[in-house]
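Down below is the structure, laid out as structure tokens.
Any read-out appearing in this document is the output of simple, stated calculations on the displayed coordinates, not a laboratory observation. Fair warning: this is a prediction, and the values are worked out from it, not measured in the lab. Cβ placement follows ideal geometry from the backbone for every residue including glycine, while neighbour counts extend to all protein chains displayed.
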Amino acid sequence: MTDVRHRLYVSASKKTRVFIRQVLNTGADNLMDPVFREAADKGNIISLQELAVKPNIIYSTTKAEKNTGLHIAASKGHTLFVHHFLLHAGMNMELMVSQNNDGDTPLHLAARAGHLEVVEHLIQYSGWARKINANLKEPTIMVNTEGNTPLHDALFKRHLDITIKLLEVNPRCAEALNTEITNQLSTGSVSTIGTCMIALLHQTALHDNIWALEILLNNIVGLVKLTDSSGNNALHYATLNNRVRMVSMLLNKNSALACKKNTEEHTPLHIVAKYGFTEAAKELLKQCPDAIKVVDLDGRNALHIAIVNNKLSILELLLKYKLPKEILNKQDNDGNTLLHHAARLHQGPSILWLLNDPRINSFVINKEGHTAWAYQIPIEPMAQALSNAIDKGDMLSLVNFLADCPEGVYSVTPIRGDTAVHLAASKGNDCVVHHVLLYTNRNVGFIISKNINGDTPLHLAVRAGHVKVVDHLMHYMAWAKEIEPNLKLKEPLIMQGKEGNTLLHEAVIHGWHDLAVSLLDHGKEVTWTATEEFIREYHEYAGDVVSTHDVLLVIRNDDGDTPLHLAVKSGNSVLVNMLIGRTKVMNLELTPQYAKERWRSC
């Protein structure tokens, strides 16, 4: 192929090459044939072969944009057409770097549109062409009228694969980018480029693309210092996706990142504590032990955050470190210690660990004037007599036991950390549930308390298909809120348990249609005020959610599945149709094809 092109080059006269440059620069009187334009637009190679015999047709341009056929084909992603077009161009390499009215080369358009194969083909051709004609412009660093290189265009459109390819073949294309990033870091502003770079870092973390991260870090100066509009740096994104190798790589580049806060004053360690990523936590503390001292806007350190989010594995890990008493007894902005939070949430395992730790002071007073003991700590392992009575539904034994030992209602099972409400809910005996709740003295914290697996009593009741128990617990919550309107508790309907599943996820997983309908109906009665966290994670739905019913339909579990995803995966058409019928808005990019088509037809 090289010999053929060389003969074409030798046969082309200097006068011809000058004419080509003039045509490309001015587009004078060489307007593109509409048939040729259609061929380029559709990638029709046969038409190209037939039309290419006409004099100068491959040098023709469109009237308005001054696009060549190569521009059009590159923008549409027609790799074969691009290949054959360049064969016809032969040694007339100016076509490769020709610019339209916007200053865009074919490479700009291909990079902007995300056509990796075309980008690779153009780069390969350019490398060959520049070996023959050293004076030919380098397309990877050419700028358009807006001052953007193809790398800029790939970045703006979040095309990670093309960004990496351009940096790989020519690190020089990052020079203009580095100047902009340096200016951003010096001024403290957040530029479009900075936002795009952070978005690409998010992509590398999401896909655990170590190779891509290495190329970005080696070529983009100051990349690790960049933050997005929320103040998140590269390490925030790596920890958010639990990418331990990336965490290690970024910390090796700049260990100070571990203590950097975003706008909510969350550090990367706070993030891993919230989501329970133990391996990432180990890496962070290995390279930056002081990260454990940093607190967020609420005055909470990573230990507080682990307890509040019921991430017992993180708490267990952190308690093994030689931490001073000051950190373990640290009070947040409300004066609450780790033990206060564990007691409020009735986390039996957490409470036992903390009370058995000699560094813990259990008599610290919060701003409400209470020690942790005021929240009726369930510190005792559950008596066998109580668990047997609940297990067998023996009402007489249950009532006699609680009458003699009312504090027994605050005990938990030694292994799973189940309260009496957990056990009663899992068995589905509505009468037992009723009597156990009587002895909790309106302490609705029991209904949202989680066992060691992260399950509330409602999760266990839904999983087992106990509709009456679910209704009983939901009505009890509603009643308690009427009695105490200032009660501030998490909404049990959307609390995520094992594997991030809400109650609706569990109902769908186990095929409980009636229960799923009941949960959604309960959700209609609960108004919803979107939190900042919800808006950030589900921004596409923020304007359409007015009740907990709507939230239940869009919330995703740890695998990124909504209840509708799970219904489609299980092949349960009844549940699929019911969920689609209740869905007001749907992110079609994240929706299974079958459900997408069904929703569109409704």
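A few comments on the model shown:
- Subset of 293/367; 261/311; 261/282; 157/274; 261/325 violating a 26 Å alpha-carbon distance limit: 157/274
- Estimated FRET transfer efficiency when R0 is 60 angstrom, pair residue 559-residue 135 (beta carbons, to 0.05): 0.65
- When +1 charges are put on Lys and Arg Cβ atoms and -1 charges on Asp and Glu Cβ atoms, the dipole computed for region 230-375 relative to its Cα centre reaches about 440 debye.
- Packing, as the average of other Cβ atoms within 10 Å across residues, places the peptides 262-271, 52-61 in the order 262-271, 52-61, highest first.
- Its relative contact order, with pairs defined as Cα atoms under 8 Å and 6+ residues apart, puts region 380-489 at 23 percent.
- Taking 7 Å steps out from each Cα toward its Cβ at residue 399 and residue 42 produces label points 8.4 nm apart.
- Highest mean first, the peptides 312-321, 242-251, 132-141 sorted by other C-beta atoms within 10 Å per residue fall in the order 242-251, 312-321, 132-141.
- Area projected by the alpha carbon convex hull of region 230-375, averaged over all directions, nm²: 7.8 nm²
- Dipole axis of region 380-489 (+1 Lys, Arg; -1 Asp, Glu on Cβ), positive-most option in 395, 480, 454: 454
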